[in-house]
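Chemist: There's a structure below that I have some questions on.
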Amino acid sequence: KAGVTQTPRYLIKTRGQQVTLSCSPISGHRSVSWYQQTPGQGLQFLFEYFSETQRNKGNFPGRFSGRQFSNSRSEMNVSTLELGDSALYLCASSRGTGTYEQYFGPGTRLTVT
Amino acid sequence: DQQVKQNSPSLSVQEGRISILNCDYTNSMFDYFLWYKKYPAEGPTFLISISSIKDKNEDGRFTVFLNKSAKHLSLHIVPSQPGDSAVYFCAASVDNDMRFGAGTRLTVKP
């Protein structure tokens, strides 16, 4: 069974631009969560989608948004990029929400210059 | 708001010895706890989990201990192997909310 895939793997943007990241979950998984990983900060939760509905949201500004499609694929958008947005963005899928083990994709490395 | 804390950013152990990774949490409502392992350039992979109704869960060389009164979670790896060298994240969950610690980098020396 194919794992979680994320595209693109690497991205370089300039301040003020916007970016869209994509995540395809494991087949049959309906929950997709997004995380930001920066050195020393661990994994910071961005948001979780389940059946096309945002179920939970972390403490990130409104510049960070997401959505989930009927096939469970998810996109994350960051508008008006700032230097501090440079990070590894990880997507994780699971069968359900909350306590189900999550399976992570390889991440998208975003660099903002 | 760090609800899950891994106070040791790094740990180094000798091959064959025990590795003990620690995690503390502040929210007593958390009812499910997980450990993930992450290699460079890869996403984290699920390692082992424990429900709050248990105090121990074992899977091969990996054992997770939960002390609810102390709000403390630990992962024991016995015996440690060089391939265990990675960053380990603990996570705690309740309902739809999962929080991660900052990670501990484990180095197992041959």
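Readers should treat all values here as calculations from the given coordinates under stated rules, not as data from a laboratory. Small disclaimer: the values here were computed from a predicted structure and weren't measured. Virtual Cβ from ideal backbone geometry, glycine too; neighbours counted across all protein chains shown.
Chemist: When B:K71 is evaluated against the numbered criteria (1) in contact with a strand residue (DSSP E or B) (Cβ under 6 Å, 6 or more places away or on another chain); (2) within 13 Å of B:I20 (Cβ to Cβ); (3) away from chain A (no Cβ under 14 Å), which criterion, by number, is the only one it fails?
Modeler: For B:K71, the failing item is (2).
Chemist: Residues A:S24, A:S33, A:S74, A:S93: which one is within 10 Å of another protein chain (Cβ to nearest Cβ) and touching a Cys at 6+ places or on another chain (Cβ under 9 Å)? Show your work before the answer.
Modeler: Working: A:S24 fails: within 10 Å of another protein chain (Cβ to nearest Cβ); A:S74 fails: within 10 Å of another protein chain (Cβ to nearest Cβ); A:S93 fails: within 10 Å of another protein chain (Cβ to nearest Cβ).
Checking each option against the conditions leaves just A:S33.
Chemist: Tell me which residues, restricted to region B:58-75, are of a type outside the set (A, V, I, L, M, F, W, C) and touching a Leu at 6+ places or on another chain (Cβ under 9 Å).
Modeler: Step one: of region B:58-75, the residues of a type outside the set (A, V, I, L, M, F, W, C) are B:58-61, B:63, B:67-69, B:71-72, B:74.
Those that are of a type outside the set (A, V, I, L, M, F, W, C) and touching a Leu at 6+ places or on another chain (Cβ under 9 Å): B:D59, B:T63, B:N67, B:H72, B:S74.
Chemist: Follow-up. Taking the criterion of being more than 7 Å from chain A (Cβ to nearest Cβ), surrounded by fewer than 18 Cβ atoms within 10 Å (Cβ to Cβ) and either at positive phi or touching a Leu at 6+ places or on another chain (Cβ under 6 Å) (or both), would at least one residue in region B:93-108 satisfy it?
Modeler: Within region B:93-108, none of the residues are more than 7 Å from chain A (Cβ to nearest Cβ), surrounded by fewer than 18 Cβ atoms within 10 Å (Cβ to Cβ) and either at positive phi or touching a Leu at 6+ places or on another chain (Cβ under 6 Å) (or both).
Chemist: Okay, moving on. Sort through A:G16, A:G66 and tell me the only one that's part of a strand (DSSP E or B), small (G, A, S) and farther than 25 Å from B:N7 by Cα.
Modeler: Working: A:G16 fails: part of a strand (DSSP E or B).
Exactly one of A:G16, A:G66 is part of a strand (DSSP E or B), small (G, A, S) and farther than 25 Å from B:N7 by Cα, namely A:G66.
Chemist: Please go through region B:4-44 and pick out each residue that is among the hydrophobic types (A, V, I, L, M, F, W, C) and within 12 Å of the chain's Cα centre (by Cα). Talk me through it step by step, then tell me what you get.
Modeler: Of all residues in region B:4-44, those among the hydrophobic types (A, V, I, L, M, F, W, C) come to B:4, B:11, B:13, B:18, B:20-21, B:23, B:29-30, B:33-35, B:41.
Within region B:4-44, B:V4, B:I20, B:L21, B:C23, B:F33, B:L34, B:W35 qualify.
Chemist: So which residues in region B:61-110 are among the acidic types (D, E) and assigned to a strand (DSSP E or B)?
Modeler: Within region B:61-110, the subset among the acidic types (D, E) is B:84, B:95, B:97.
Within region B:61-110, just B:D97 meets the criteria.
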